[in-house]
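Peer 1: Attaching a single structure in structure tokens format; questions to follow.
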Amino acid sequence: MRPFRDREYSAPVRVGAIREPVDPSWWSAVLAARAAFAAQPGANLISVPLHGGSLSVSAEGSWRASAPLPDDVAAQLDLYLPYCHSQPRGLAVAHLGQSLDGRIATESGDSRWVTGEADLLHCHRMRALADAVLVGARTVRADDPQLTVRRCAGSNPIRVVIDPELSLPGRHAVFRDGAAVTLIIAAQEHADSRSETYGSEIVGVPRVDGTLDVLAIREALVHRGLLMVFIEGGGITISRFLEAGCLDWLQITIAPIIIGSGRPGIAFPGCHALDQAFRPRIRRFDLGGDTLFDCYFHA
């Protein structure tokens, strides 16, 4: 009997050395568009080479190619080009990879990896488009991430770690590998008493109701010219940005697995009535066997 096999099943991430990336030409065009908008902040339309022709991209992310493109290439351009132009007020994009039942990790904290290879590549591409990649202290403590661009072409973003009490030890990669600059966001009273730790600048922000002011974090990053911020986790950090109305986009990639009891992706007090719930504009993309929901909150 022929066994059932789903060709689109989420491919598990391979553990081990990462091969030198071989990028498609459309990704080079995306990076070129990002660079062109960075060089011309007020531009409403730019043009970059693609497949021997040209690709025209608007500041809103709409585009037109000089020659027909395959559907899969068009889908990739639809996904990434809206992130190539940073608004003067900044752009905050968060990403979560979760199970069908809304978990980002098991109860023990095992989270490598919930989603598959395609979503991991996607995260590296988003890092390459960002000025800064931001995570909370719990993510650094649990996963010891590098937060660099390794699976595709692109420059490493500045790494930003929210550590209100300066509780993280210096053994973590973001403090010792030298691959990119790392900023630490801490409570203002800690920044007042010291300017750096482990060679990383400390940026102080005030507290609001016992937690760091999320809006002040965004403003501090914009002040440093970090306009496009990619927030990779964890769930608590992303939930606080969402609850405070400080997210422009939220990407949720759902993998076809069921974890059961575990750590939730989004969790905050929420609303009392459904008519008060967040209802973002949604775009949907296939990432291998995973599904990415790209949620926009300012339509």
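The values are calculated or read from the model by the stated rules, or taken from the named source; none is laboratory data. What you see is a predicted model; the values in this text were computed from it and never measured. Backbone-built Cβ (ideal geometry, glycine too); neighbour counts: all protein chains shown. Side chains are part of the model used for accessible areas, which takes the heavy atoms of the whole protein and leaves out ligands, DNA and RNA. Shrake-Rupley method; radii C 1.70, N 1.55, O 1.52, S 1.80 Å.
Peer 1: Does Val174 meet the test of being in contact with a strand residue (DSSP E or B) (Cβ under 6 Å, 6 or more places away or on another chain) and open to solvent by less than 40 Å² (accessible area, probe 1.4 Å)? Give the derivation first.
Peer 2: Values: in contact with a strand residue (DSSP E or B) (Cβ under 6 Å, 6 or more places away or on another chain): yes; open to solvent by less than 40 Å² (accessible area, probe 1.4 Å): yes.
Taking the combined requirement at face value, the residue satisfies it.
Peer 1: Then there is this: Val203 is checked against (1) over 14 Å from the mean Cα position of the chain (by Cα); (2) open to solvent by 20 Å² or more (accessible area, probe 1.4 Å) and fails just one. What number does that condition carry?
Peer 2: (2)
Peer 1: Confirm whether Arg19 is of a type in the set (D, E, K, R) and either surrounded by 12 or more Cβ atoms within 10 Å (Cβ to Cβ) or modelled with pLDDT of 95 or more (or both).
Peer 2: Numbers: of a type in the set (D, E, K, R): yes; either surrounded by 12 or more Cβ atoms within 10 Å (Cβ to Cβ) or modelled with pLDDT of 95 or more (or both): no.
No.
Peer 1: Strands (runs of 3 or more DSSP E) wholly in the range 206-299 with at least 2 residues that are open to solvent by less than 20 Å² (accessible area, probe 1.4 Å) and either in contact (Cβ under 8 Å) with a residue 12 or more places away in the chain or closer than 21 Å to Ala187 by Cα (or both) - which ones?
Peer 2: Working: elements: 228-233, 249-254, 262-264, 281-287, 290-296.
Output list reads 228-233, 249-254, 290-296.
Peer 1: Let me ask something else about it. Counting only residues that are under 12 Å from Gly265 (Cα atoms) and hydrophobic (A, V, I, L, M, F, W, C), which one in the range 226-240 is modelled with the highest pLDDT?
Peer 2: Within the range 226-240, the match that is modelled with the highest pLDDT is Ile238.
Peer 1: Just a yes or no: is a residue in the range 67-77 outside any strand (DSSP E or B), under 15 Å from Leu129 (Cβ atoms) and open to solvent by less than 10 Å² (accessible area, probe 1.4 Å)? Walk me through how you get there before you give the answer.
Peer 2: Looking only at the range 67-77, we keep the residues that are outside any strand (DSSP E or B), and these are 67-77.
Imposing the further condition that a residue be under 15 Å from Leu129 (Cβ atoms) reduces the set to 76-77.
So of that shortlist, the ones also open to solvent by less than 10 Å² (accessible area, probe 1.4 Å) come out as 77.
Yes, the range 67-77 has at least one match.
Peer 1: While we're looking at this one, here's another question. Every residue in the range 45-61 that is open to solvent by 70 Å² or more (accessible area, probe 1.4 Å) and either modelled with pLDDT under 95 or in contact with a helix residue (DSSP H, G or I) (Cβ under 9 Å, 6 or more places away or on another chain) (or both), please. If you could, list the steps in order and put the result at the bottom.
Peer 2: From the range 45-61, those open to solvent by 70 Å² or more (accessible area, probe 1.4 Å) are 45, 47, 49, 51-52, 60; that's our starting set.
Answer for the range 45-61, where residues must be open to solvent by 70 Å² or more (accessible area, probe 1.4 Å) and either modelled with pLDDT under 95 or in contact with a helix residue (DSSP H, G or I) (Cβ under 9 Å, 6 or more places away or on another chain) (or both): Ser47, Pro49, His51, Gly52, Glu60.
Peer 1: Continuing with the same structure: Taking Leu215 as meeting all but one of (1) touching a strand residue (DSSP E or B) at 6+ places or on another chain (Cβ under 8 Å); (2) closer than 24 Å to Val181 by Cα, write down the number of the exception.
Peer 2: Going through the list (1) touching a strand residue (DSSP E or B) at 6+ places or on another chain (Cβ under 8 Å); (2) closer than 24 Å to Val181 by Cα, Leu215 breaks only (1).
Peer 1: What tally of residues in the range 255-296 results from selecting those that are out of contact with any Gly (no Cβ under 8 Å at 6 or more places or on another chain) and not charged (D, E, K, R)? Even if it seems obvious, please write down each step before you answer.
Peer 2: Kept after step one, since they are out of contact with any Gly (no Cβ under 8 Å at 6 or more places or on another chain), are these residues of the range 255-296: 257-262, 268-276, 278-286, 291-296.
Next cut, not charged (D, E, K, R) only: 257-262, 268-274, 276, 278, 280, 282, 285, 291-293, 295-296.
So the answer is 23.
Peer 1: Let me ask another. How about the range 193-214: which of its residues are modelled with pLDDT of 95 or more, more than 15 Å from Val160 (Cβ to Cβ) and of a type in the set (A, V, I, L, M)?
Peer 2: None; the set is empty.
Peer 1: Right, next: Where the second residue is assigned to a loop (DSSP other than H, G, I, E, B) and the first is among the hydroxyl-bearing types (Ser, Thr, Tyr) and lies in the range 149-160, which pairs have Cβ atoms under 7 Å and are six or more apart or on separate chains?
Peer 2: Cβ pairs passing all conditions: Ser155/Val149.
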